[in-house]
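The values are calculated or read from the model by the stated rules, or taken from the named source; none is laboratory data. All values reported here derive from a predicted model rather than from experimental measurement. Here the Cβ positions follow ideal geometry from the backbone for every residue, glycine too, while neighbour counts run over all protein chains shown. We work out accessible area using only protein heavy atoms, side chains counted, and drop any ligands, DNA or RNA first. Shrake-Rupley method; radii C 1.70, N 1.55, O 1.52, S 1.80 Å.
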Amino acid sequence: MAEEAGQGHAFIPALPSPLVELPDPVFLAAGVHVLVKRDDLIHPLISGNKWRKLRLNLAAANHAGHRRLLTFGGAFSNHIFAVAAAGKVFGFDTVGVIRGEPCNELNPILAHAVACGMHLHYLDRQSYRRKNEADLIAQLQSQYGACYCIPEGGSNTVGVAGCRDIVVELDAQLDGHYDAVVCACGTGATLAGIAAALGPNKKAVGISVLRGHSGLDADIGGWIHEQRSSCSDAWRIHHDFHHGGYAKKSPQLLAFVQAFRQQHGIPIEPVYTGKMFYALYELVKAGTFARDSTVVAVHTGGVHGADA
Ligand SMILES: *Cc1c(COP(=O)(O)O)cnc(C)c1O
């Protein structure tokens with residue numbers, strides 16, 4: 001990987017990421033075998049689905065001769081954290097375009113980004129909405145010089161392609177013997193990569209962490225189409241496990257996250273993976289997965305972020 005991104009620093013991702021059993025009386029009662037794909041263990045700093053989405057973007061930046069990365073995110077973005085770390089490890093300058101106004105004190109994510117050498121460029125919320133528009137990007141390029149631009153979340157075509165690796169690894173680890181893959185959805189790029197790579201008779205199940213994210217299904221459909229130029233309908237999104245909206249937490253969710261950590265010793269947080277595992281338990285209890293089926297939950301990382 002270090003060669004791919006063109007630098008001599010030692011970056012040794014733990015790949016394929018470990019696949020572990022998730023034993024639980026709830027799953028036993030339903031006859032569902034649940035495994036966790038521990039993408040959170042890929043690397044301490046560039047991890048989870050953020051590494052999956054960045055890998056090919058870094059290779060593309062390097063291939064095109066860019067030495068500077070520019071990307072977008074909120075002040076608590078795991079993606080900003082990962083891009084800043086990747087810049088340091090692989091020797092890119094980095095500019096993080098941050099939604100909103102600067103605060104007096106940097107939060108831990110932004111402090112880490114600055115410590116890695118990232119330059120922060122704040123954009124008010126209204127301007128930030130134009131984050132994918134060519135004129136805004138051209139303006140930023142004229143200010144910072146030529147750069148390889150990565151959209152919010154690392155969610156572009158090559159980012160989606162990188163997420164196919166999750167399925168490639170699973171196919172090898174389980175010799176193809178599994179029925180469904182579950183993951184948390186923000187932009188949906190990770191789920192799209194998984195769905196695009198799944199073999200026949202397997203299903204991708206996404207848990208949206210946003211409330212009323214009405215464009216999500218269409219975005220995912222578009223990305224899958226780009227990957228395989230045929231429609232896959234072997235996926236679905238559950239929109240009712242957001243617990244109030246992005247980064248919102250219900251008391252039930254917080255209690256679940258704490259109990260899960262204690263019971264399984266696997267760190268999760270309430271913004272993404274907490275909602276995903278919560279939904280997984282509810283779906284298993286509701287009989288969504290057939291008896292004797294094998295379900296893989298992808299731990300997409302993010303634990304250094306939002307009050308882990
Ligand atoms: C960013 C993030 C997601 C969302 O991924 P998408 O590809 O945008 O759907 C899920 N889980 C974690 C831990 C994340 O940091």
| field | Lone qualifier among Leu15, Leu22 - being of a type outside the set (Val, Ile, Thr), open to solvent by less than 30 Å² (accessible area, probe 1.4 Å), more than 16 Å from the ligand (Cβ to nearest atom) and out of contact with any Lys or Arg (no Cβ under 6 Å at 6 or more places or on another chain) | value | Leu22
| note | The one condition Ala84 fails out of (1) under 19 Å from Gly186 (Cβ atoms); (2) surrounded by fewer than 20 Cβ atoms within 10 Å (Cβ to Cβ); (3) within 16 Å of the ligand (Cβ to nearest atom) is (2)
| query | When both residues are 6+ apart or on different chains and their Cβ atoms are under 8 Å apart, which pairs have a first residue that lies in the range 153-168 and is free of Cβ contacts under 8 Å to residues at least 40 places away in the same chain, and a second that is hydrophobic (A, V, I, L, M, F, W, C) and open to solvent by less than 10 Å² (accessible area, probe 1.4 Å)? | reply | Val167/Val181; Val167/Ile194
| request: Would you tally the residues in the range 196-210 being assigned to a loop (DSSP other than H, G, I, E, B) and more than 15 Å from the ligand (Cβ to nearest atom)? | output: 5
| remark: The one condition Asn107 fails out of (1) within 16 Å of the ligand (Cβ to nearest atom); (2) surrounded by 18 or more Cβ atoms within 10 Å (Cβ to Cβ) is (2)
| Do we find a residue being more than 27 Å from Val168 (Cα to Cα) and either at pLDDT 95 or above or of a type in the set (Ser, Thr, Tyr) (or both) anywhere in the range 217-238? | no
| query | Mind checking which pairs have a first residue in the range 243-265 that is more than 21 Å from Gly212 (Cα to Cα) and a second that is assigned to a helix (DSSP H, G or I), Cβ under 6 Å, 6 or more apart or different chains? | reply | Phe256/Tyr278; Val257/Gly274; Phe260/Phe277
| So, of the residues in the range 290-304 that are more than 9 Å from the ligand (Cβ to nearest atom) and outside any strand (DSSP E or B), which turns out to be nearest to Ile46 (Cα to Cα)? | His304
| remark: Every listed condition ((1) within 16 Å of the ligand (Cβ to nearest atom); (2) surrounded by 15 or more Cβ atoms within 10 Å (Cβ to Cβ)) holds for Ala218 save (2)
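Let's see how each residue does on (1) more than 13 Å from the chain's Cα centre (by Cα); (2) farther than 28 Å from Val168 by Cβ:
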residue	(1), (2)
Val20	yes, no
Val34	yes, no
Asp40	no, no
Ala59	yes, no
Leu70	yes, yes
Val83	no, no
Gly91	yes, no
Val97	yes, yes
| task | Return the residue satisfying two criteria in turn: it lies in the range 238-289 and is within 16 Å of the ligand (Cβ to nearest atom), in a helix (DSSP H, G or I) and of a type in the set (D, E, K, R), and of such residues it is surrounded by the fewest Cβ atoms within 10 Å (Cβ to Cβ). | result | Arg261
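Residue-wise test of (1) within 16 Å of the ligand (Cβ to nearest atom); (2) out of contact with any Gly (no Cβ under 6 Å at 6 or more places or on another chain); (3) open to solvent by 50 Å² or more (accessible area, probe 1.4 Å).
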site	(1), (2), (3)
Pro102	no, yes, yes
Glu133	no, yes, yes
Tyr144	no, yes, no
Ile150	yes, yes, no
Gly162	yes, yes, no
Asp171	no, yes, yes
Asp175	no, yes, yes
Ile194	yes, yes, no
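Can you spot a residue in the range 168-183 that is assigned to a strand (DSSP E or B), within 23 Å of Val83 (Cβ to Cβ) and of a type outside the set (Asp, Glu)?
yes
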| message | With the structure loaded, tell me whether Leu35 is surrounded by fewer than 24 Cβ atoms within 10 Å (Cβ to Cβ), within 16 Å of the ligand (Cβ to nearest atom) and at pLDDT 95 or above or whether it fails that test. | response | no
